[in-house]
Structures are given as C-alpha cells and as structure tokens.
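A short write-up of the structure that comes next.
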Amino acid sequence: DTEVTQTPKHLVMGMTNKKSLKCEQHMGHRAMYWYKQKAKKPPELMFVYSYEKLSINESVPSRFSPECPNSSLLNLHLHALQPEDSALYLCASSQEMTANTEAFFGQGTRLTVV
Amino acid sequence: SQKIEQNSEALNIQEGKTATLTCNYTNYSPAYLQWYRQDPGRGPVFLLLIRENEKEKRKERLKVTFDTTLKQSLFHITASQPADSATYLCALDENGGFKTIFGAGTRLFVKA
C-alpha cells in the first residue's frame, strides 16, 4: 500500500466553524507533513512531524492546529478560519524527515472558507 | 533563503517531441533536487531525485540533469505523449536537508 489517504476531499466551512482534516498512511513512514497550496502557487510547508513529534512549524497561525495521534495518522484541526485560508491542503509522508527521500502525497482536501 | 525559479509560461509541444523544463535556484546548491508531476486538483507525484554529485539521472522516458555551476536542473521527457500533460514541480532541500521547498511549476501541454 503506497497511498496517503486524505479525508474529506472537499470541505466548505464558515468562519466560526471547527473542522478537522484527516490523513492516513500505512507505509511505515516516520515523517508526515501538511502543505497548503493556492492556485498556480507551489505547495507551502506548514508542519512536519517526525516520529510523532512536531519538528517544524512554519510560523503557521494558531487557528491551524496539527495533531499526530499515532505513526499512521495526522490531523489538522481548523478553527475560526478566514476566507484567505481557502486552498488545497495536502498531506504527505516520507520514510524519514530528510529531503533525500521521495515524499508521497495524498489527493488533498479542497477547503473553502465562507 | 533559497528561491526556486521555474518558467511560469506554459510549454506547448507536439506529441513525439522532447519536452525540456528548467529549474533554477538562486542561493546555495542543494544536496538533493527532486521533480514531481502534479495534475489539476491532485497531490504531486514523485518522479526523480538527483544528488549534487550526480550529473544525470534517467528513468524510462525521463531524464534529469543537475549543473551546480549554473545552479540549474533540466528535466526532459522524450517521445512526449498527451498523457504527459501536467504541471511539473522542481523541489530541493533547505534547512540542512530537513525541509523540502517547491517551485511553482511549469505547465506542459502535449498536443496530439
């Protein structure tokens, strides 16, 4: 199984809502990532977990809260988002937290904040 | 910090020709450089990784070169097919190799 599964595929939420994005992989990878991608822009790194510990937080606003319950799961909790947070949110995993291994990406969650 | 430059203009080529995409970086030479393919509304898919001590890497119809003097990588698709139409992203390491950053990608259209 070489898949990274993200749910939901699409999400529309109001600015006062609380929602969560979920990501799952069963490749035994020890590094998991959240990226945000706007149209015609590169994926921008948000968070990196290595061995279930938060290793990199790219100064992301606190309205985004990551969680890694176990080595296979990664969540992104959303609260009080702004319309400019609308984007494609991508989860990825790799064997280790280094740039010399390929990253496997999920299909993404298309988030619209209204 | 490192900046990646990829041609923002789409590349249009005829089926059967070789597509060549360019990735330039502005700062230090990365230890690793990767190429990904991304289809609209989907996550990137890994294609090739090349190390700084490698000049060239091949995989089927794909070829990547890495010139640390020019601070440039070239990505070639030979015998291109309409199914190769996608956005191709260049990515390289930053922060001591613990972080991968992406270029904005170049859109490739292969016409039948």
- Message: With the cut-off at 1.5 for a/c, could you classify the protein assembly as shown from its C-alpha gyration tensor as rounded, prolate or oblate?
- Response: prolate
- Item | Two-site FRET efficiency, A:Q82 against B:E9, from Cβ-Cβ distance with R₀ of 30 Å, rounded to 0.05 | 0.45
- Size of the dipole of chain B about the Cα centre, Lys and Arg at +1 and Asp and Glu at -1 on the beta carbon, nothing else charged, in debye to 20? 180 debye
- Task: State the Cα centre-to-centre distance between the stretch A:30-53 and the stretch B:42-68 in whole Å.
- Result: 21 Å
- Least to most buried among A:H10, A:H29, B:H76, by other C-beta atoms within 10 Å and fewest first, runs A:H10, B:H76, A:H29
- Item | Percent of Cα pairs exceeding the 18 Å cut-off, where the set is the stretch B:64-112 | 45 percent
- Query: Along the positive direction of the dipole of the protein assembly as shown (beta-carbon charges: Lys, Arg +1; Asp, Glu -1; about the Cα centre), which of A:C91, B:C90, A:Q37 reaches farthest?
  - Reply: A:Q37
- Not counting the cut sites, what is the longest span of chain B without trypsin sites (Lys or Arg not before Pro) that DSSP labels loop and that have at most 16 other Cβ atoms within 10 Å? B:72-112
- Note on the structure: Per chain B, sqrt(5λ) over the Cα gyration tensor eigenvalues, sorted largest first, in Å, gives 23, 15, 12
- For chain A, give the magnitude of the charge dipole about the Cα centre (Cβ charges: +1 Lys/Arg, -1 Asp/Glu; no others), in debye to the nearest 20. 440 debye
- Query: Taking the stretch A:1-83, which chymotrypsin sites (Phe, Trp or Tyr not before Pro) meet the DSSP loop condition and have no more than 14 other C-beta atoms within 10 Å?
  - Reply: A:Y51
- Query: If we count other beta carbons within 10 Å of each Cβ, what is the order of A:E52, B:E9, fewest first?
  - Reply: B:E9, A:E52
- Unpaired by the 4.7 Å Cβ criterion, cysteines found in chain A: A:C68
- Note on the structure: Stokes-Einstein D for chain A (37 °C, 0.692 mPa s, Kirkwood Rh from Cα pairs), in µm²/s, comes to 234 µm²/s
- Euclidean distance of C-alpha centroids, the stretch A:13-29 and the stretch B:9-41, integer Å: 30 Å
- Query: Label point 7 Å out from A:K38 along Cα-to-Cβ: which residues of the stretch A:71-101 have amide N under 16 Å?
  - Reply: A:82-90
- Task: Answer with one residue from A:G108, A:G14, A:Y49: the one whose Cα lies farthest towards the positive end of the charge dipole of chain A, charges on Cβ with Lys, Arg +1 and Asp, Glu -1.
- Result: A:G14
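Values in this text are rule-based calculations from the coordinates and carry no lab data. Remember, it's a predicted structure, so these values are computed and weren't measured experimentally. Neighbour counts run over all protein chains shown; Cβ positions are idealised from the backbone, glycine included.
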